[in-house]
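Please read the structure below before turning to the comments.
The values are calculated or read from the model by the stated rules, or taken from the named source; none is laboratory data. No experiment lies behind these values; they were computed from the predicted model shown. All Cβ positions, even for glycine, are placed from backbone atoms using ideal geometry, and neighbour counts span all protein chains on display. We work out accessible area using only protein heavy atoms, side chains counted, and drop any ligands, DNA or RNA first. Shrake-Rupley method; radii C 1.70, N 1.55, O 1.52, S 1.80 Å.
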Amino acid sequence: MESWDGLMEFIAQQSERHLTDPKKIYGMRLAGEEILSNMIRETHLPADDPSHVHIWITSRLLNQAGKPWFELLLEDNGPVFDPNLDQPREIQLTTPINERPIGGLGLFLVQNSCDDASYEWSNNRNCYHLKMQLSGP
């Protein structure tokens with residue numbers, strides 16, 4: 001957690017640098033925060049020795065099918081954790097918060113905040129790809 005502010009500042013700077021739409025900037029920042037929060041607090045850090053787990057965040061511009069994209073890639077070397085970002089999530093937004101089951105809302109926000117969110121296990125790392133399509137070339 002001691003690196004939280006620096007990691008969030010990187011996500012904010014990169015989002016503001018590459019995305020011009022305030023809604024997309026907010027969406028990328030929200031999605032990045034949700035994934036990072038899960039990586040740090042909830043799902044990846046083994047209770048016996050979290051010191052060997054590292055997190056990497058990179059940003060890049062992509063050209064996919066002739067369209068420009070901005071991507072944040074969040075990676076860690078913790079235990080495998082596939083949040084099934086490819087599976088649609090149904091959240092009952094009208095259900096009072098105290099009646100909802102715990103979990104799932106953050107990943108719902110990730111899926112609905114980015115143009116594309118995906119997961120893969122690669123090179124012994126959890127890799128979370130958060131993408132926004134750019135409006136220009």
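Annotations
- Across segment 123-133, the qualifying residues are those that are buried (at least 19 other Cβ atoms within 10 Å of the Cβ) and farther than 12 Å from Trp69 by Cβ, and the one among them that is modelled with the lowest pLDDT is Asn126.
- For segment 51-75, residues that are over 12 Å from the mean Cα position of the chain (by Cα) and either more than 23 Å from Glu9 (Cα to Cα) or open to solvent by less than 30 Å² (accessible area, probe 1.4 Å) (or both) total 9.
- Residues in segment 102-117 that are under 27 Å from Glu16 (Cα atoms), aliphatic (A, V, I, L, M) and open to solvent by 40 Å² or more (accessible area, probe 1.4 Å): Leu105, Leu109.
- Failed item in (1) modelled with pLDDT of 90 or more; (2) open to solvent by less than 40 Å² (accessible area, probe 1.4 Å), with Lys23 passing the rest: (2)
- Exactly one residue out of Glu120, Glu90, Glu99 is modelled with pLDDT of 95 or more and exposed (fewer than 14 other Cβ atoms within 10 Å of the Cβ): that is Glu120.
- Residue pairs whose Cβ atoms lie under 9 Å apart, sitting 6 or more positions apart in sequence or on different chains, and linking a residue in segment 59-85 that is free of Cβ contacts under 8 Å to residues at least 12 places away in the same chain to a partner that is open to solvent by 40 Å² or more (accessible area, probe 1.4 Å) and outside any loop (DSSP other than H, G, I, E, B), are Gln64/Gln133.
- Condition check for Leu109 on (1) assigned to a helix (DSSP H, G or I); (2) at pLDDT 90 or above; (3) within 21 Å of Gln133 (Cβ to Cβ): one failure, at (2).
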